[in-house]
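First comes the structure, then the notes that go with it.
The values are calculated or read from the model by the stated rules, or taken from the named source; none is laboratory data. Quick caveat: nothing in here was measured; it's all calculated off a predicted structure. Here the Cβ positions follow ideal geometry from the backbone for every residue, glycine too, while neighbour counts run over all protein chains shown. The area values use the complete protein model at the heavy-atom level, side chains included, leaving out ligands, DNA and RNA. Shrake-Rupley method; radii C 1.70, N 1.55, O 1.52, S 1.80 Å.
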Amino acid sequence: RRNMLLAMATGTGKTKLSIAMLYRLLASKSFRRVCFVVDRNALGTQAAGEFATTRIVSSKTFADIFGLKGLESAKPEPETKVHICTIQGLVKRVLYTDDISSAPPVDQYDLMIVDECHRGYLLDRELSDAELQFRSEDDYISKYRRVLEYFDAVKIGLTATPALHTVSIFGDPIYKYSYREAVIDGYL
């Protein structure tokens, strides 16, 4: 599958799961360049902190092993394995660039992990025949969706609350861990 959705209750470790998953995927060379997409700078800073402090092999952290470019890097170097960026930054670089040649290449990433993917901004919708005469189809396709579809990459969405538009982009959750289960298991 090209798009996947993981639904886990808030506080149950979506970022830690991502780090463990990315370690395995990068170590096995299943993927070479990953974009970890957040919707707020605070979440990007928090994720970068987790990547920089989570010990993977003996005393080495994920960031020590694979390197990491955070929010301050709009254009990561070709050797960057994991790039953390905001969806707003991607929208600006992909959809609102003055020079099309400065837009990132569609194959810049081969895996995109989208944290809090339920925050899809504007919902996509079908245009009526009357609307098609006066409006562009782009008016009704969210910038969020257009940016995600721009990149030729596998997309994994992480959310605690899968919304209808989230499922339409990422598909039905392939894994669910509810708040109730987390409380019963003693994690929350």
#### Entry: Within the range 36-87, tally of residues that are assigned to a strand (DSSP E or B) and within 15 Å of Ser18 (Cβ to Cβ)
9
### Task
Check off (1) open to solvent by 50 Å² or more (accessible area, probe 1.4 Å); (2) in a loop (DSSP other than H, G, I, E, B); (3) at pLDDT below 80 for Gly120 and give me the number that stays unchecked.
(1)
## Note on the structure
Within the range 155-172, residues being open to solvent by less than 20 Å² (accessible area, probe 1.4 Å), among the β-branched types (Val, Ile, Thr) and closer than 15 Å to Arg2 by Cα number 2
### Query
Pick from the range 5-31 the residues that are of a type in the set (Lys, Arg) and within 26 Å of Asp185 (Cβ to Cβ): which of them is least open to solvent (accessible area, probe 1.4 Å)?
Lys14
### Message
Just to be sure before I move on: is Gly67 open to solvent by less than 20 Å² (accessible area, probe 1.4 Å) and either of a type outside the set (A, V, I, L, M) or more than 17 Å from the chain's Cα centre (by Cα) (or both) in the structure I sent?
### Response
no
#### Entry: For Pro76: the one exception among (1) over 19 Å from Asp152 (Cβ atoms); (2) buried (at least 18 other Cβ atoms within 10 Å of the Cβ)
(1)
### Task
Give the number of residues within the range 152-188 that are in a loop (DSSP other than H, G, I, E, B) and closer than 22 Å to Val82 by Cβ.
2
### Message
Looking only at residues that are in a helix (DSSP H, G or I) and among the aliphatic types (A, V, I, L, M) in the range 88-113, which one is surrounded by the fewest Cβ atoms within 10 Å (Cβ to Cβ)?
### Response
Ile100
### Message
So for the range 139-151 (the condition being touching a residue at least 40 places away in the same chain (Cβ under 8 Å), outside any helix (DSSP H, G or I) and not hydrophobic (A, V, I, L, M, F, W, C)), does at least one residue qualify?
### Response
no
### Message
Given the options Val82, Val34, Val38, Val57, name the one that is open to solvent by 40 Å² or more (accessible area, probe 1.4 Å), aliphatic (A, V, I, L, M) and either without any contact (Cβ under 8 Å) to a residue 24 or more places away in the chain or within 22 Å of Cys117 (Cα to Cα) (or both).
### Response
Val57
